[in-house]
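For reference, the structure discussed in these notes is given below.
The values are calculated or read from the model by the stated rules, or taken from the named source; none is laboratory data. This one's a predicted model, so the numbers in the text were calculated from it and none came from an experiment. Here the Cβ positions follow ideal geometry from the backbone for every residue, glycine too, while neighbour counts run over all protein chains shown.
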Amino acid sequence: MPRIERTAELSWEGNAARGSGTISAATGAFTALPYSQPARIARAADADKTSPEELLAAAHGACLTMSLATELSKDGTPPGRLSSSVLIVMDEVVGEGHQITESHVRISAEVEGADAAALAAAVERADAGCPFSKLLRKAGVVVDVALASP
């Protein structure tokens, strides 16, 4: 795989508590995506704003899902459909401040010709090869996977 570089541009106005900002992808995939501290810490996220943790959840999920599709294809059992959800947890760590402490990934996989053991082996390889899983390994990556019926 070639070297990959991606850029996002961010702006912020105001203080941390009441300020807000926007995030834009250099590719144009999203522009002026709003983010704020209240969206970051509120139990029910502000519907029109995101947070770094939500973006990390999306990035980890996308990386691991693509990695699993690659591994299943290498096994000769390309997926019909992979559905993933990711929960990123940030919590206070004594003496270290707020840290990403967990990433819980749930994957439902429609894979013709693969049994649970083959799927589990592919997930293990995908998780080991996913750069975002590697990044989050210290925090703790938990991957739950289930075969789904097509």
Only one of these is surrounded by fewer than 17 Cβ atoms within 10 Å (Cβ to Cβ), charged (D, E, K, R) and in contact with a helix residue (DSSP H, G or I) (Cβ under 7 Å, 6 or more places away or on another chain): Asp91, Asp75. Name it. Asp75
Assuming Ala117 fulfils every condition listed in (1) over 21 Å from Met1 (Cβ atoms); (2) aliphatic (A, V, I, L, M); (3) outside the structural domain of Thr7 (by TED's automatic domain parsing); (4) surrounded by 12 or more Cβ atoms within 10 Å (Cβ to Cβ) apart from one, which condition is it? (4)
Neighbours by Cβ (under 8 Å, 6+ apart or cross-chain): first from segment 124-150, on the phi < 0 side of the Ramachandran plot; second assigned to a loop (DSSP other than H, G, I, E, B): Leu147/Val111; Leu147/Ala114; Leu147/Asp115; Pro150/Gly80; Pro150/Glu112
Being within 14 Å of the chain's Cα centre (by Cα), polar (S, T, N, Q) and outside any loop (DSSP other than H, G, I, E, B) is the filter here, so list the residues in segment 41-99 that pass it. Thr50, Thr65, Ser67, Ser83, Ser84, Ser85
Scan (1) surrounded by 12 or more Cβ atoms within 10 Å (Cβ to Cβ); (2) within 30 Å of Ile41 (Cβ to Cβ); (3) among the β-branched types (Val, Ile, Thr) for the single condition Val142 breaks and write down its number. (1)
